[in-house]
Amino acid sequence: MNRRLPIIFVLALALAGGIFAWRGLDIGDAAAENPAGEGRDEAQDKKQHGGGKDEGHDEGVELSVESVAAAGIKTEEAASARIRETIRLTGRTTFNQNITAQVRARFPGIVREVKKGPGESVNSGDVLATVESNESLQVYPVKSPISGVILQRNTNIGDVAGDAPMFTITDISELWVEFHIFPRDVDRIQPGQKVLITSFEGGHSGAASITTLLPVAEASSQTVVARVTLPNPEGVWRAGMTVRGDVVITERQVPVAVKIAAIQRMEGRSVVFVQEGQRYETRPVRTGASDGEWAEVLEGLKAGERYVSEKSFQIKADIGKAGAAHED
């Protein structure tokens, strides 16, 4: 009995070793067939690492002609444009003193009649009032020397007409705009430069040239006044309005440009939306010089390609909605 125990023990060890060797062979074969561990669950792997393929939404959207029209979306072809370097100033409109008249009586006397009042339009030669001369006792007319609008009437019937102005009249077909130039910009602004003028509420715009730089600086701000003569044939500009003025310093023609309103920011990039039939695709662009209206395109868009020039933010919103729906 004692001799059998060692024999049984040796047989058990041998059997255990054989099983271990057989299992090792299976494991080794599996490792040889898939050395990189490619047998893992693919779905599990994608879940852990965010997916193998980019799951981002398609950066484009298809819109019907009717929906584009309803949204006010407009397109135009990318083309050459003139880019301006400007300096923005603030100013105020005032009456042009070169076409403003203060009307006085020729001879002292009693005012017998007053025919016109403030706000009324007059033509050159119209009778404004009549005065009875103190010397001759004859009644003579006081006439308007210019065509324009009466700003002030400083006389009434029975008053004594003397050296004081009886009426102030101005021609409002032209106004002055006086812009204040800060010291840092004074050396860059000269008479003759073009100024693009816009009312603060954005309702009116025009263009004119600087006619005069006043030779004195304002004591407290050290600003210098640049004066512009602004055409006003329709009378839309009124004296006392605060306006913006963009003084054109340089201009240059660029090969490809788009409207400033066309450019949007998406994922940290400047983009425009290119029209291809009824589809609007996101196109990253690299821009160069720009002014308040145009932006130069250095890369990403060619002349002749049609892009969204107005309501581009609407396309951006539609693409965002499409992307959110795709992710859901």
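Please treat every number below as a calculation from the coordinates, not as lab data. Values in this document were obtained by computation on a predicted structure and should not be read as measured data. Virtual Cβ from ideal backbone geometry, glycine too; neighbours counted across all protein chains shown.
Below are the figures for this structure:
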read-out	value
Residue order, fewest to most beta carbons within 10 Å, for 290, 205	205, 290
Net charge contributed by nearby residues that have their C-beta within less than 12 Å of residue 312 (K/R +1, D/E -1)	+3
Sorted by Cβ neighbour density within 10 Å, fewest at the top, the residues 307, 280, 140	140, 307, 280
Using θ = phi - 60° and Karplus 6.51 cos²θ - 1.76 cosθ + 1.60, couplings along the stretch 300-305 (whole Hz; Gly, Pro as x)	x, 8, 9, 4, x, 6
By average C-beta atoms within 10 angstrom, highest first, the peptides 252-259, 212-219	252-259, 212-219
The stretch 250-307, relative contact order [Cα under 8 Å, separation at least 6], %	36 percent
Local net charge near residue 84, Cβ-Cβ under 13 Å (Lys/Arg +1, Asp/Glu -1)	-2
Amide hydrogen neighbours beyond the local backbone of residue 249, cut-off 5 Å, H modeled	85, 86, 87
Coordinate range along principal axes, alpha carbons of the stretch 99-170, Å, largest first	32, 18, 18
Highest to lowest packing among 64-74, 220-230, 151-161, scored as the average C-beta count within 10 Å	220-230, 151-161, 64-74
Orientation-averaged projected area, Cα convex hull of the stretch 207-328 (nm²)	13.2 nm²
Relative contact order (%) - the stretch 81-190, alpha-carbon pairs under 8 angstrom, separation at least six	36 percent
Normalised contact order of the stretch 171-234, rounded percent, pairs of Cα under 8 Å and 6 or more residues apart	46 percent
